[in-house]
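Accompanying notes for the structure given below.
The values are calculated or read from the model by the stated rules, or taken from the named source; none is laboratory data. Because the structure is predicted, anything quoted here is derived from the model rather than measured. Neighbour counts are summed over all protein chains in view; Cβ atoms, including those assigned to glycine, are modelled from backbone coordinates with ideal geometry. Areas reflect the complete protein model, heavy atoms only, side chains present, ligands, DNA and RNA absent. Shrake-Rupley method; radii C 1.70, N 1.55, O 1.52, S 1.80 Å.
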Amino acid sequence: MSKYHTILVVDDDLSIVELLRDFLENDHFHVKTACDTEQSWTILQQHSIDCIVLDIMMPGQNGFELCRRIRGESNVPILFLSARSDDVDKIRGLTLGGDDYIVKTASPGEIVARVKAVLRRTTSRQPMEGKVLDYGRIQLNLTAREVLVEGETVELTPKEYELLRLFAEHPRHVFSYEQLLAKFWEGVGDRHTIRVHLSRLREKIESDPNHPQFLINIWGVGYRFEGV
């Protein structure tokens, strides 16, 4: 898998960049590197990038601002890399469209594993020819990885799409917080992580996100898709 993917590593700490490059290349990834957001943006305009490992605190524009800019044009998976472990940064990163949040105390091997995990989630499914899940207001074209809400295409991040697909393929099945963490975050994270992603997904697919018809919270347990 990895030899077909190009990873962009963005960090102003050259030692971290070189270490991650060594570990990623050892797993046969192609690696591009940048030390700030403007250099990153230039690379993104010139090359096909499959995943971004993005530092938050950098001189000038920070990683959050770059993520917001990228999400205006692309759903490429973004893994935030931060020296801070508090929930405020984590929730902000996920809310802006990040697919994962990694604290810099993690080993390079763990970071590579998290990159592989997000790529598996976004590329491993084989297309199902002609398969469309139709729930009236919402349709998922599994072949095109396209989501329509009231006939209009809705842009989802890779993780939002995979979450919605899981729920839509199993209507009325209750998925616990633990099951969702294990499937989409390799068991790393907490209930806040799930709530942030599903809240953002509701904003995109529900007519009234405060009174959802599709993604229903089962208090203290998890979530289910009503498929109404």
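General observations
- Gaussian network model of the chain, Cα within-10 Å springs - most flexible of L166, L215, L94: L166
- For the stretch 120-228, the set of GluC sites (Glu not before Pro) satisfying both a DSSP loop assignment and a count of at most 11 other C-beta atoms within 10 Å is given as E129, E150.
- Ranked order, L148, L181 - accessible area, probe 1.4 Å, largest first: L148, L181
- Of H5, H170, H211, the order by accessible heavy-atom surface (1.4 Å probe, DNA, RNA and ligands excluded), from most exposed downward, is H211, H170, H5.
- Of the residues D13, D99, the one with the largest accessible area comes first in the ranking D13, D99, computed with a 1.4 Å probe on protein heavy atoms.
- Along its three principal directions, the equivalent ellipsoid of the chain from the Cα gyration tensor extends over semi-axes of 30, 19, 17 Å, largest first.
- Helix-only CD estimate at 222 nm, as mean residue ellipticity for the chain, using -39500 (n - 2.57) per DSSP H run (n ≥ 4): -12500 deg cm²/dmol
- Part-to-part distance (alpha-carbon centres) for the stretch 1-49 and the stretch 137-200, which is given in Å: 27 Å
- Heavy atoms of L20 accessible to a 1.4 Å probe, total area in Å² rounded to 10: 10 Å²
- Using heavy atoms of the protein chains and a probe of 1.4 Å, the accessible area assigned to T143 is about 60 Å².
- Given charges at beta-carbon only (K, R positive; D, E negative), |dipole| of the stretch 1-134 in Debye: 460 debye
- For the stretch 141-219, trypsin sites (Lys or Arg not before Pro) meeting the loop criterion (DSSP other than H, G, I, E, B) and having at most 11 other Cβ atoms within 10 Å: R172.
- 3J(HN,Hα) couplings calculated from phi for the stretch 20-35 with the Karplus curve 6.51 cos²θ - 1.76 cosθ + 1.60 (θ = phi - 60°) are, in sequence order, 5, 4, 4, 5, 5, 5, 5, 9, 6, 7, 7, 10, 10, 10, 8, 9 Hz; Gly and Pro show x.
- Relative contact order (%) - the stretch 148-228, alpha-carbon pairs under 8 angstrom, separation at least six: 36 percent
- Subtracting the Cα-Cα distance of T6 and A144 from their residue separation scaled by 0.36 nm leaves 47.5 nm.
- Assigned charges on the beta-carbon of Lys, Arg, Asp, Glu; the chain dipole about Cα centre (debye): 600 debye
- Couplings for the stretch 53-60, taken from phi via the Karplus curve 6.51 cos²θ - 1.76 cosθ + 1.60 with θ = phi - 60°, read 9, 10, 5, 8, 8, 9, x, x Hz in order; Gly and Pro are left as x.
- Annotation: extensible slack from E18 through K104 equals 29.5 nm (criterion: 0.36 nm per residue apart, minus Cα-Cα distance).
- Relative contact order of the chain, taken over Cα pairs closer than 8 Å and 6 or more residues apart, is 14 percent.
- Take the chain with all the other protein chains still there, run a 1.4 Å probe, and you get 47 Å² of accessible area per residue.
- For the stretch 1-117: rounded, prolate or oblate by the Cα gyration tensor [a/c cutoff 1.5]: rounded
- In this view, the solvent-accessible surface of H192, computed with a 1.4 Å probe and all protein chains in place, comes to about 90 Å².
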